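Comments concern the structure below.
The values are calculated or read from the model by the stated rules, or taken from the named source; none is laboratory data. The model shown is predicted, which means the values in this text are computed figures rather than measured ones. No Cβ is skipped: glycine too gets one built from the backbone with ideal geometry, and neighbour counts run over all protein chains shown. Calculation scope for accessible area: heavy atoms of the full protein, side chains included, ligands and nucleic acids excluded. Shrake-Rupley method; radii C 1.70, N 1.55, O 1.52, S 1.80 Å.
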Amino acid sequence: MKLPKIWWALFLVSLVVIVPFMAPYLTFDPANSRITIIPGTVQYPILVAHIVSAFIALLTGFFQFVDRIRLKKPRIHRFLGRIYVYSVFISGLLSLASIFYAENFMKATSFLLLSLAWLFTCWKGYRTAINKQYEEHRKWMIRSFGMTLVAVSARLLVPVLLLLYFVLHGFSLPHGMETVIGEVLNVNIWAGLVLNFVIVEWVILKK
């Protein structure tokens, strides 16, 4: 089955969203971090390793669903699959470690839920492949990749959440723009999780 054009559009959108976000961290300079780094801790190297391994998972994840590779070149499919699984486990475990440096409880719980869901769905995808339960393997890998894409959807939802905030507050900013952005960034991961979960389960049911 040939993947629809929207799949490749999603691939390009994901790169456009993630690459500019990731670029400052490739300088390996904590001063360029988008979040506050606590000096004298391992927070920054954990964060950089998490972001890089998540990006690898994003890239390899897209090509896991390309039938030209999956059906005609199964060895490449398995190789990319292993890279995806390793990347998810590394990034997911590092994400759990980074929770201890979260700015507030809301962010900590959202990253905790996302990390656990990401690790669990990837593990289920890996185990079903090992057991040659290929139909179940495909379903769990769709779920796993849906969790991978939360990093994209959560950022794409920020303008939508800002607009919703303005509408609910009569297009006024009683506490200032900085406070609004802070509140939106506290819930965008939750919004991305819910949206991706709904879309993924709809895709699985449709198939």
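Structure summary
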quantity: Per-region count, region 39-58, residues more than 30 Å from His77 (Cβ to Cβ), touching a Phe, Trp or Tyr at 6+ places or on another chain (Cβ under 6 Å) and not polar (S, T, N, Q); calculated: 0
quantity: Only one of Leu113, Leu119 that is in contact (Cβ under 8 Å) with a residue 60 or more places away in the chain and assigned to a helix (DSSP H, G or I); calculated: Leu113
quantity: Segments classed as helices (runs of 4 or more DSSP H), wholly inside region 1-108, with at least 3 members that are without any contact (Cβ under 8 Å) to a residue 12 or more places away in the chain and hydrophobic (A, V, I, L, M, F, W, C); calculated: 5-22
quantity: Conditions (1) under 25 Å from Leu10 (Cα atoms); (2) at pLDDT 95 or above; number of the one not met by Arg68; calculated: (2)
quantity: Number of positions in region 136-195 that are among the aromatic types (Phe, Trp, Tyr), within 17 Å of Phe120 (Cα to Cα) and open to solvent by 30 Å² or more (accessible area, probe 1.4 Å); calculated: 1
quantity: Within region 114-135, tally of residues that are within 30 Å of Gly182 (Cβ to Cβ) and surrounded by fewer than 15 Cβ atoms within 10 Å (Cβ to Cβ); calculated: 1
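So that you can scan it fast, the table gives a plain yes or no per residue for (1) within 18 Å of the chain's Cα centre (by Cα); (2) over 22 Å from Leu205 (Cβ atoms); (3) of a type in the set (D, E, K, R):
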{"site": "Thr128", "(1), (2), (3)": "no, no, no"}
{"site": "Glu135", "(1), (2), (3)": "no, no, yes"}
{"site": "Lys139", "(1), (2), (3)": "yes, no, yes"}
{"site": "Ser153", "(1), (2), (3)": "yes, no, no"}
{"site": "Leu157", "(1), (2), (3)": "yes, yes, no"}
{"site": "Tyr165", "(1), (2), (3)": "no, yes, no"}
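Yes/no matrix, rows are residues, columns are (1) under 22 Å from Trp123 (Cα atoms); (2) surrounded by 14 or more Cβ atoms within 10 Å (Cβ to Cβ); (3) among the hydrophobic types (A, V, I, L, M, F, W, C); (4) touching a Lys or Arg at 6+ places or on another chain (Cβ under 9 Å):
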position: Phe65; (1), (2), (3), (4): yes, yes, yes, yes
position: Tyr84; (1), (2), (3), (4): yes, yes, no, no
position: Ala97; (1), (2), (3), (4): yes, yes, yes, no
position: Phe100; (1), (2), (3), (4): no, no, yes, no
position: Asn104; (1), (2), (3), (4): no, no, no, no
position: Ala108; (1), (2), (3), (4): no, yes, yes, no
